[in-house]
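The values are calculated or read from the model by the stated rules, or taken from the named source; none is laboratory data. Bear in mind the structure is a predicted one, so any value in this text is a computation, not a measurement. FYI the Cβ positions are ideal-geometry reconstructions off the backbone, even for glycines, and counts take in every protein chain you see. The area values use the complete protein model at the heavy-atom level, side chains included, leaving out ligands, DNA and RNA. Shrake-Rupley method; radii C 1.70, N 1.55, O 1.52, S 1.80 Å.
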Amino acid sequence: MELRGKQLVPGRASGEAVVLEAVSFYGDVDPRSGRLKDGRSVESKVIVAARPRGSTVGSYIIYAMRAYGRAPAAIVMSRVDPIVVAGCVLADVPLVSDVPEEQLKLIRDGDLLELPGDGRIIVRRAGP
């Protein structure tokens, strides 16, 4: 399956999908461990979320994840805010936005995602 969005922060990436409804980098993610509150790791994975929520500290958290070696491979969202964009630019994390929310719902945790750097998201199912 192939989805399309808008490439906001350049770069190619691939990794396992970690799917969230919404993400607040301040509070949902521990930058030192690269883990979400629910225990899932986002390190070297592709965060998929419909929208951001939360604090202006989010850009610093994304940058701190890079500094600790725990950054995601990429972030894919339906809607973004300037905080997420700034964090991805600072941390050199590819960012794709404007993917229709109903299409994002087709991605499951563990799916392998490939982002060739042109706004496309190639989805390969992890299992049955």
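Take segment 104-118 and flag every residue that is more than 12 Å from Ala74 (Cβ to Cβ), open to solvent by less than 70 Å² (accessible area, probe 1.4 Å), assigned to a loop (DSSP other than H, G, I, E, B) and of a type outside the set (Asp, Glu). Those that are more than 12 Å from Ala74 (Cβ to Cβ), open to solvent by less than 70 Å² (accessible area, probe 1.4 Å), assigned to a loop (DSSP other than H, G, I, E, B) and of a type outside the set (Asp, Glu): Ile107, Gly110. Looking across segment 44-53 at every residue that is within 26 Å of Glu102 (Cβ to Cβ) and assigned to a loop (DSSP other than H, G, I, E, B), the one that is farthest from the chain's Cα centre (by Cα) is identified as Arg53.
Scanning segment 24-73 for residues that are among the β-branched types (Val, Ile, Thr) and touching a residue at least 40 places away in the same chain (Cβ under 8 Å) yields a count of 2.
Only one of these is crowded, with 16+ Cβ neighbours inside 10 Å, touching a residue at least 40 places away in the same chain (Cβ under 8 Å) and not small (Gly, Ala, Ser): Glu101, Glu16, Glu2. Name it.
Glu16
When segment 30-43 is filtered for residues that are under 12 Å from the mean Cα position of the chain (by Cα) and surrounded by 19 or more Cβ atoms within 10 Å (Cβ to Cβ), only Val42 remains.
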